[in-house]
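Notes for the one structure printed next.
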Amino acid sequence: MRILDGFDWSTPFIADACAMLGLAVRTAPPGMRPLRRGAKAAGPARPARHAGSVDVFLEAIAGAEAGDVLVIDNGGRLDEGCIGDLVAGEAKVAGLAGLVVWGAHRDTAAIDALDIPVFSLGTCPVGPRELRSRSPHALQAASLSHVTVTRDDVVFADDDGVMVVEGASLERVVEAARDIAYREQAQAARLLGGERLSAQLRLDEYVQKRREAPEYTFRDHIKSLGGAIEI
């Protein structure tokens, strides 16, 4: 996405930006990890709800645009690998940015060789063994546990997990995330230069104010310094 040009984003920056803007912080369940460490994917969501057959993935990919992220809902199941190297290869050839699977994958080595980011809950060598009833909304919405993902959403995925952002809020979120990243990088540079974080954040001043007013929180203190969120 061009809006991310020149921005070394991370899901923590996106999450903090959503919190700062008062938006829902929509994150996939803990444990969603990339097949290859360091992999990143961002793009418009292309949902697909699995029902035991590969056709839903092929349909979703056929209707997708280059740069989309295929979001697969397999109910968080770990007893079957719902995608393998062929589906990942189809997505790669179609130009998708990556795949996010609420469930397990298989064919790990073959997928890794394709060099397309895949995020899942883990691996299982066994493929689907039965057909289930296909939802009439199988290509319109996918669940990542408690988070519902539609075509109106944008997905960010990296080593820290998966974030979902409403497309209508994307520009504001990315702008806020850039600001957060800039400020954190500046703080990190000062820290490495010898200026302790406690000094940067004037910890002594905060402790004194808290003694005088026990209800005064560190978040209040950060805001008084011009910060938007607690580190």
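In this structure, G75 qualifies as at positive phi, touching a residue at least 60 places away in the same chain (Cβ under 8 Å), among the small types (G, A, S) and surrounded by fewer than 16 Cβ atoms within 10 Å (Cβ to Cβ).
Consider D112 carefully, then state whether it is in contact (Cβ under 8 Å) with a residue 40 or more places away in the chain, charged (D, E, K, R), assigned to a helix (DSSP H, G or I) and surrounded by fewer than 16 Cβ atoms within 10 Å (Cβ to Cβ). Considered against the rule, which asks whether it is in contact (Cβ under 8 Å) with a residue 40 or more places away in the chain, charged (D, E, K, R), assigned to a helix (DSSP H, G or I) and surrounded by fewer than 16 Cβ atoms within 10 Å (Cβ to Cβ), D112 comes out as yes.
Among the residues of region 121-157, those that are aliphatic (A, V, I, L, M) and not in a strand (DSSP E or B) comprise L121, V126, L131, A138, L139.
Could we say that R129 is open to solvent by 10 Å² or more (accessible area, probe 1.4 Å) and either modelled with pLDDT under 95 or over 22 Å from the mean Cα position of the chain (by Cα) (or both) here? For R129, the condition - open to solvent by 10 Å² or more (accessible area, probe 1.4 Å) and either modelled with pLDDT under 95 or over 22 Å from the mean Cα position of the chain (by Cα) (or both) - is met.
Does region 141-152 hold any residues that are under 19 Å from M1 (Cβ atoms) and open to solvent by 10 Å² or more (accessible area, probe 1.4 Å), and which are they?
T150, R151, D152, listed by residue number.
Only one of the numbered conditions (1) modelled with pLDDT under 95; (2) open to solvent by less than 50 Å² (accessible area, probe 1.4 Å); (3) at negative phi; (4) within 18 Å of the chain's Cα centre (by Cα) is not met by G31, and that is (3). Scanning region 218-229 for any residue that is hydroxyl-bearing (S, T, Y), within 20 Å of the chain's Cα centre (by Cα), loosely packed, with under 15 Cβ neighbours inside 10 Å and over 20 Å from S10 (Cβ atoms) turns up nothing. Looking only at residues in region 94-109 that are open to solvent by 40 Å² or more (accessible area, probe 1.4 Å) and not polar (S, T, N, Q), the one that is nearest to V155 (Cα to Cα) is W102. Residues that are in contact (Cβ under 8 Å) with a residue 24 or more places away in the chain and among the acidic types (D, E) within region 21-64 comprise just one, E59.
Taking (1) in contact with a Lys or Arg (Cβ under 9 Å, 6 or more places away or on another chain); (2) farther than 21 Å from T27 by Cα in turn, D107 satisfies each apart from (1). Has region 54-70 got any residue that is buried (at least 17 other Cβ atoms within 10 Å of the Cβ), of a type in the set (F, W, Y) and under 20 Å from T27 (Cα atoms)? Within region 54-70 (the criterion being buried (at least 17 other Cβ atoms within 10 Å of the Cβ), of a type in the set (F, W, Y) and under 20 Å from T27 (Cα atoms)), the answer is no, since none of the residues qualifies. Residues of region 1-50 that are among the β-branched types (V, I, T) and in contact with an Asp or Glu (Cβ under 8 Å, 6 or more places away or on another chain): I3, T11.
For beta carbons closer than 7 Å, sequence separation of 6+ or different chains, a first residue in region 93-108 that is touching a residue at least 12 places away in the same chain (Cβ under 8 Å) and in a loop (DSSP other than H, G, I, E, B) and a second that is crowded, with 24+ Cβ neighbours inside 10 Å and polar (S, T, N, Q), the qualifying pairs are G103/N74; G103/S120. Number of residues in region 158-209 that are crowded, with 18+ Cβ neighbours inside 10 Å and in a strand (DSSP E or B) equals 6.
The values are calculated or read from the model by the stated rules, or taken from the named source; none is laboratory data. Note that this is a predicted model, so its numbers are computed, not measured. Backbone-built Cβ (ideal geometry, glycine too); neighbour counts: all protein chains shown. Side chains included, ligands, DNA and RNA excluded: accessible areas come from the protein's heavy atoms. Shrake-Rupley method; radii C 1.70, N 1.55, O 1.52, S 1.80 Å.
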